[in-house]
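Let me begin by presenting the structure, written as structure tokens, before commenting on it.
The values are calculated or read from the model by the stated rules, or taken from the named source; none is laboratory data. This structure is a prediction, so every number in the text was calculated from the model and none was measured. As a convention, Cβ positions derive from the backbone with ideal geometry for all residues, glycine included, and neighbour counts pool all protein chains shown. Heavy atoms of the whole protein, side chains included, go into the accessibility calculation; ligands, DNA and RNA do not. Shrake-Rupley method; radii C 1.70, N 1.55, O 1.52, S 1.80 Å.
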Amino acid sequence: MAVESRFVVVRNGVEVETFMDKKAADEYDKMLDMADNLSALLDQSSLALEEQMIEDVSIFLAKNREQVLISLLAKKPKPAAEPVVEKQPATSKTKPAAKKTAAKSKAKSA
């Protein structure tokens, strides 16, 4: 018999989501906590929003918290990965200085 560990996120006595690892369950629970706090904030506003709209907006903002914090200038954006630039192989050009030196040597010996 196999043993499985499952992590269940429960809200108001109702199982909301089940995860196989604790970290994912904790992150989801934290996101729901943020959404609850945002819902309370939006509920207090003078905006005429329906309950479903408040819930949808709250969950959206909580799921995208990194971008929200960057938009609010509370967090700096992560630098984008720089594209890899391949170096061009050096072309085989004769150096002008070498030609001049050779010409001077010939002139001195003559």
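Give me the one-decimal Kirkwood hydrodynamic radius in Å for the stretch 17-65, with the sum taken over alpha-carbon pairs.
Computed over Cα pairs of the stretch 17-65, the Kirkwood hydrodynamic radius comes out at 11.4 Å.
Using 0.36 nm per residue of separation minus the Cα-Cα distance, give me the extension gain between ASP36 and SER5 in nm, one decimal.
8.4 nm
Modelled label-to-label distance, LEU47 and ALA81, 7 Å Cα→beta-carbon offset: nm?
With each label point 7 Å from Cα toward Cβ, the separation is 3.5 nm.
Amide H neighbours of GLU17 under 5 Å, counting only residues 5+ apart in sequence or on other chains, H built in-plane at 1.01 Å?
VAL9
Based on the Cβ-Cβ distance from VAL68 to ALA24, what FRET efficiency comes out when R0 is 25 Å, to the nearest 0.05?
For R0 = 25 Å, the calculated efficiency reads 0.75.
Please list SER39, SER58 in order of solvent-accessible area, largest first, computed with a 1.4 Å probe with all protein chains present.
Greatest to least solvent exposure: SER39, SER58.
What length, rounded to one decimal in nm, is gained on full extension from GLU17 through to VAL57, with 0.36 nm per residue of separation minus their alpha-carbon distance?
Taking 0.36 nm per residue and subtracting the Cα distance, the gain is 12.4 nm.
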